[in-house]
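*Asks:* Handing you a structure now.
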Amino acid sequence: MTSFLFVIFLLLLILFIGLPVAFSLGTTSLLLVLIYDLPMKVVGSSVFTALDSFVVLAIPLYVLMSQVLLDGRIGDDLFDVANVWVRHLPGGLAIATVVACAFFAAITGSGAATAATIGMVAYPAMIERGYDKKFTLGLLAAGGTLGILIPPSIPLILYGSITEESVGKLFIAGVIPGLVLTAIFIAYAVYKSKRGGFTPLPKAAWGERMSITRKNLWGLFLPFLIIGGIYTGAFTPTEAAAVGLVYSLFVTLVVYRTLSLKDLPGICLKSLTTSSMIAIIIASAVLFGRVMTMLEIPQKLTELIIENQFSPMMFIIAMNLLMMVLGCLLETVSIVLLTMPLVTPILHALHIDPIWYAIILTVNMTMALITPPVGMNLYVINGLREDIRMSEVIEGVWPFVILILAMLVLTMIFPAMSTWLPSVM
């Protein structure tokens, strides 16, 4: 236990110096290798094996697909379809925003991309119709969080690579919780809108609905292609990423022609930046986990928890509290990679379903995306327009933080919500 406390102290010290998380983990690992006289070859082998993975290959593919769809303005089309069907309802534009976020989330697997894409088109539309500014900003930031819960999900890919759980089952496990959280956001949007302050839109004629829906069928089909292909076993999650990327390129280059071949180098460069950042974090976190394993820290923690007779629910509650604190300080990828090497053996020792825990963790991470000071979606929404202040975004998201907390409780109380679909695959 003394070695564990020393490791945590050393890591926190390096984090507070101001190094990025990836370099903090890597530096801590190197120092521990030197201090405890561990074999230096563990550094090279851990970094290589961390990235030499068929599962991890899905991440750059999904990132590139997300960038193609973002620059190809597919999010605008999804918002148009949702809007034409629900705009006449109380809070119709707010409902359309949440539905569009859910659809785009089912394509990209990125919370920030979802918030940015839908936010660019939904924010001016909602403000123009008289929606409260803080509510609008909070809705857009929270709607973007659906990107890491509804499959495909980059955090779930990372979880699967660490725990060796089926990424396909993890993806499918997120479907029902993702839909439930979408419904919760819609219900709150309707409640908030019924209190007035917005101008309703006229009901769209059936001809207009069918025309816009037919026009955007190509984009609407993509979530069903990815999720349906994984669920039926037609292709693995990594193959689904490749299929989705090719389909996205076909739709944006050939069908809608919102992109041209000269746009592709810039798109690849932007996606390369994001993918490289994630890769560095993965390599550093895997090295950190390997060093901790060599120091037998996970084993000692497992023994400590068993000796103190922690129940599974006590452990999950304790981990959720820890995740909430970490969510205010680190971004989601770092949290998953930092904690799971320690948590995985404890899950097995306490007979906790790792798929259920994965969804609990991911719901908690949706909260991390909108909690200051480092909530990624807060900065994405703040950057949409020059007239948006960070204080307004933070005030707007607090009701949604409470809603996600309620969703977290539901996920803990009803495990079948996460485990039923994977069990019938």
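*Asks:* Could you identify the single residue in VAL56, VAL84, VAL43 that is of a type in the set (A, V, I, L, M) and either open to solvent by less than 10 Å² (accessible area, probe 1.4 Å) or touching a strand residue (DSSP E or B) at 6+ places or on another chain (Cβ under 6 Å) (or both)?
*Replies:* Every option except VAL84 fails the conditions.
*Asks:* A further question follows. What's the total number of residues in region 87-110 that are open to solvent by less than 30 Å² (accessible area, probe 1.4 Å) and either under 24 Å from TYR191 (Cβ atoms) or modelled with pLDDT of 85 or more (or both)?
*Replies:* 13
*Asks:* Pairs, please: C-beta under 6 Å, at least 6 apart or cross-chain, first residue farther than 15 Å from GLY168 by Cβ and in region 219-230, second of a type in the set (Val, Ile, Thr) and assigned to a helix (DSSP H, G or I)?
*Replies:* That search, which allows pairs on different chains as well, returns GLY219/ILE74; LEU222/ILE107; PRO223/ILE107.
*Asks:* Run down TYR123, TYR62 and say which single residue is within 27 Å of ILE267 (Cβ to Cβ), within 20 Å of the chain's Cα centre (by Cα), open to solvent by less than 10 Å² (accessible area, probe 1.4 Å) and of a type in the set (Phe, Trp, Tyr).
*Replies:* Among TYR123, TYR62, only TYR62 is within 27 Å of ILE267 (Cβ to Cβ), within 20 Å of the chain's Cα centre (by Cα), open to solvent by less than 10 Å² (accessible area, probe 1.4 Å) and of a type in the set (Phe, Trp, Tyr).
*Asks:* Out of (1) touching a helix residue (DSSP H, G or I) at 6+ places or on another chain (Cβ under 7 Å); (2) assigned to a helix (DSSP H, G or I), the odd one out for PRO152 is which?
*Replies:* Among (1) touching a helix residue (DSSP H, G or I) at 6+ places or on another chain (Cβ under 7 Å); (2) assigned to a helix (DSSP H, G or I), PRO152 violates only (2).
*Asks:* Further question on the same structure: If you take the residues of region 270-321 that are polar (S, T, N, Q) and closer than 15 Å to VAL43 by Cα, which of them is surrounded by the most Cβ atoms within 10 Å (Cβ to Cβ)?
*Replies:* Ranking the qualifying residues of region 270-321, first place goes to SER284.
*Asks:* Also, I was wondering about something else. One residue is enough: does region 230-244 have a residue meeting the conditions closer than 15 Å to ILE74 by Cα and crowded, with 19+ Cβ neighbours inside 10 Å?
*Replies:* yes
*Asks:* Condition first: assigned to a helix (DSSP H, G or I) and over 17 Å from PRO155 (Cα atoms). Can you find one or more residues in region 322-336 that meet it?
*Replies:* Yes, region 322-336 has at least one match.
*Asks:* Which numbered condition trips up VAL286, out of (1) outside any helix (DSSP H, G or I); (2) closer than 18 Å to TYR159 by Cβ?
*Replies:* (1)
*Asks:* Determine the pairs where a residue that is within 18 Å of GLU128 (Cα to Cα), located within region 201-212, has a partner that is among the basic types (Lys, Arg) with Cβ atoms under 9 Å apart, the partner being 6 or more residues away or on another chain.
*Replies:* These pairs meet every condition: LEU201/ARG87; LEU201/ARG129; PRO202/ARG87; LYS203/ARG87.
*Asks:* So in region 382-425, with the set limited to residues that are assigned to a loop (DSSP other than H, G, I, E, B) and aliphatic (A, V, I, L, M), which one is least open to solvent (accessible area, probe 1.4 Å)?
*Replies:* ILE388
*Asks:* If you check GLY233, GLY244, GLY289, which single one turns out to be touching a residue at least 40 places away in the same chain (Cβ under 8 Å) and at positive phi?
*Replies:* After ruling out the rest, the residue left standing is GLY233.
*Asks:* So LEU158 ticks every box in (1) surrounded by fewer than 21 Cβ atoms within 10 Å (Cβ to Cβ); (2) under 24 Å from the mean Cα position of the chain (by Cα); (3) on the phi < 0 side of the Ramachandran plot but one. Which box is left unticked?
*Replies:* Among (1) surrounded by fewer than 21 Cβ atoms within 10 Å (Cβ to Cβ); (2) under 24 Å from the mean Cα position of the chain (by Cα); (3) on the phi < 0 side of the Ramachandran plot, LEU158 violates only (1).
*Asks:* Only residues in region 397-425 that are among the hydroxyl-bearing types (Ser, Thr, Tyr) count as the first member; pair them with residues that are open to solvent by 40 Å² or more (accessible area, probe 1.4 Å) and in a helix (DSSP H, G or I), Cβ under 8 angstrom, at least 6 apart or cross-chain, and list the lot.
*Replies:* As it stands, the answer is SER418/ILE176, since those pairs meet every condition given.
*Asks:* Would you mention how many residues in region 245-269 are closer than 27 Å to PHE235 by Cα and basic (Lys, Arg)?
*Replies:* 0
*Asks:* Also, quick follow-up: Scan ALA183, ALA189 and give me the residue that is surrounded by 15 or more Cβ atoms within 10 Å (Cβ to Cβ), assigned to a helix (DSSP H, G or I) and of a type in the set (Gly, Ala, Ser).
*Replies:* ALA189
*Asks:* Here is a follow-up. Any idea how many residues of region 56-86 are out of contact with any Pro (no Cβ under 8 Å at 6 or more places or on another chain), touching a residue at least 24 places away in the same chain (Cβ under 8 Å) and either assigned to a loop (DSSP other than H, G, I, E, B) or of a type in the set (A, V, I, L, M) (or both)?
*Replies:* 16
*Asks:* Now for a separate question. Being in a helix (DSSP H, G or I) and either touching a Leu at 6+ places or on another chain (Cβ under 7 Å) or free of Cβ contacts under 8 Å to residues at least 40 places away in the same chain (or both) is the requirement here; does LEU170 meet it?
*Replies:* Yes.
*Asks:* Still on this structure: Among residues belonging to region 1-31 that are touching a Leu at 6+ places or on another chain (Cβ under 7 Å), at pLDDT 80 or above and of a type outside the set (Val, Ile, Thr), point out the one that is nearest to MET294 (Cα to Cα).
*Replies:* SER29
*Asks:* Exactly one condition in (1) open to solvent by less than 60 Å² (accessible area, probe 1.4 Å); (2) in a helix (DSSP H, G or I); (3) without any contact (Cβ under 8 Å) to a residue 60 or more places away in the chain is not met by TYR379; state its number.
*Replies:* (1)
*Asks:* Which one of the conditions (1) at pLDDT 95 or above; (2) open to solvent by less than 20 Å² (accessible area, probe 1.4 Å) does THR371 fail to meet, given that it meets all the rest?
*Replies:* Every listed condition holds for THR371 apart from (1).
*Asks:* Something else now. Answer yes if at least one residue in region 194-209 is farther than 14 Å from GLY92 by Cβ, among the hydroxyl-bearing types (Ser, Thr, Tyr), open to solvent by 10 Å² or more (accessible area, probe 1.4 Å) and modelled with pLDDT under 90, and no otherwise.
*Replies:* Checking region 194-209: not a single residue is farther than 14 Å from GLY92 by Cβ, among the hydroxyl-bearing types (Ser, Thr, Tyr), open to solvent by 10 Å² or more (accessible area, probe 1.4 Å) and modelled with pLDDT under 90.
*Asks:* Then there is this: What number of residues within region 255-269 are in a helix (DSSP H, G or I) and open to solvent by less than 80 Å² (accessible area, probe 1.4 Å)?
*Replies:* 6
The values are calculated or read from the model by the stated rules, or taken from the named source; none is laboratory data. As the structure is a computational prediction, the values presented were derived from the model and not from experiment. Note that each Cβ is placed from the backbone with ideal geometry, even for glycine, and that neighbours are counted across all protein chains shown. All accessible areas refer to the heavy atoms of the entire protein, side chains included, with ligands and DNA or RNA removed. Shrake-Rupley method; radii C 1.70, N 1.55, O 1.52, S 1.80 Å.
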